[in-house]
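Inspection log for the structure reproduced underneath, given as structure tokens.
The values are calculated or read from the model by the stated rules, or taken from the named source; none is laboratory data. Just so you know, these numbers come straight off a predicted model, no measurement behind them. Positions of Cβ are backbone-derived with ideal geometry, glycine not excepted, and every protein chain shown enters the neighbour counts. Just the protein is used for accessible areas: all its heavy atoms, side chains included, with ligands, DNA and RNA removed. Shrake-Rupley method; radii C 1.70, N 1.55, O 1.52, S 1.80 Å.
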Amino acid sequence: MNLDRCKLINLPKIVDPRGNLTFIEGGRHVPFDIKRVFYLYDVPGGADRGGHALKKCHQFLIAMSGSFDIILYDGKEKQRIHLNRSYNGLHIPPMIWREMDNFSSGSVCLALASSTYSPEDYYRDYNEYLKALATSQPSK
Ligand code: TYD
């Protein structure tokens, strides 16, 4: 990963001939307490999701089934991450712009979040996000 604030995290995997098992404990495997869980499913081919940054909320995304790409931007670097394992997750801290595309058929994206849903926590306008970054990170 190039964007140093975002982390790909390997989750525990209990391998079993009856089927594998992965578990996640808030504050241990993800670096925040989990206040909300939501998931994206039935995503039609070619659809894009995301297109926002969060002011305070941390999120942790997992490809529970199938695969998709997450495009991250932190104001300096842009990176495309392909998630395709149910035992890997991506921690996205606040103030990271993210977009999602390339969803495989039948894919499911599980999201764990550090706060309940609040529309006020969103930057949905890219220019507004860039402006907020510029005021919070004075140029050197
Ligand atoms: P949105 O954040 O636009 O989805 P994405 O960024 O993945 O494309 O959310 C879509 C709609 O769902 C929007 O009307 C807000 C609503 N929503 C909730 O009510 N609660 C939630 O926890 C989330 C994530 C979205």
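Odds and ends about this structure:
- A single member of I71, I92, I9 is touching a residue at least 24 places away in the same chain (Cβ under 8 Å), under 25 Å from Y117 (Cα atoms), of a type in the set (V, I, T) and surrounded by 18 or more Cβ atoms within 10 Å (Cβ to Cβ), and it is I92.
- Residue match in region 96-103 (condition: open to solvent by 60 Å² or more (accessible area, probe 1.4 Å), in contact (Cβ under 8 Å) with a residue 24 or more places away in the chain and more than 13 Å from the ligand (Cβ to nearest atom)): yes
- Number of the exception - L133 against (1) assigned to a helix (DSSP H, G or I); (2) exposed (fewer than 15 other Cβ atoms within 10 Å of the Cβ): (2)
- Complete set of residues in region 60-82 that are within 24 Å of N20 (Cβ to Cβ) and out of contact with any Phe, Trp or Tyr (no Cβ under 6 Å at 6 or more places or on another chain): F60, L61, I62, A63, M64, S65, G66, S67, D69, I70, I81, H82
- For region 12-51, a residue qualifies if it is among the β-branched types (V, I, T), over 18 Å from S107 (Cβ atoms) and surrounded by fewer than 12 Cβ atoms within 10 Å (Cβ to Cβ), and the qualifying residues are I14, V15.
- Restricting the first member to region 42-63 and to residues that are under 22 Å from R28 (Cβ atoms) and without any contact (Cβ under 8 Å) to a residue 12 or more places away in the chain, and the second to residues that are open to solvent by less than 20 Å² (accessible area, probe 1.4 Å) and among the small types (G, A, S), no beta-carbon pair is closer than 9 Å while six or more apart or on different chains.
- Residues considered: S67, S107, S136, S118. Of these, the only one that is closer than 17 Å to R5 by Cβ and of a type outside the set (A, V, I, L, M, F, W, C) is S136.
- Among the residues of region 37-58, those that are more than 9 Å from the ligand (Cβ to nearest atom) and under 16 Å from Y122 (Cα atoms) comprise A53, L54, K55, K56, C57, H58.
- Within region 77-87, the residues that satisfy the criterion of being open to solvent by 50 Å² or more (accessible area, probe 1.4 Å) and either among the aliphatic types (A, V, I, L, M) or in contact (Cβ under 8 Å) with a residue 40 or more places away in the chain (or both) are E77, S86, Y87.
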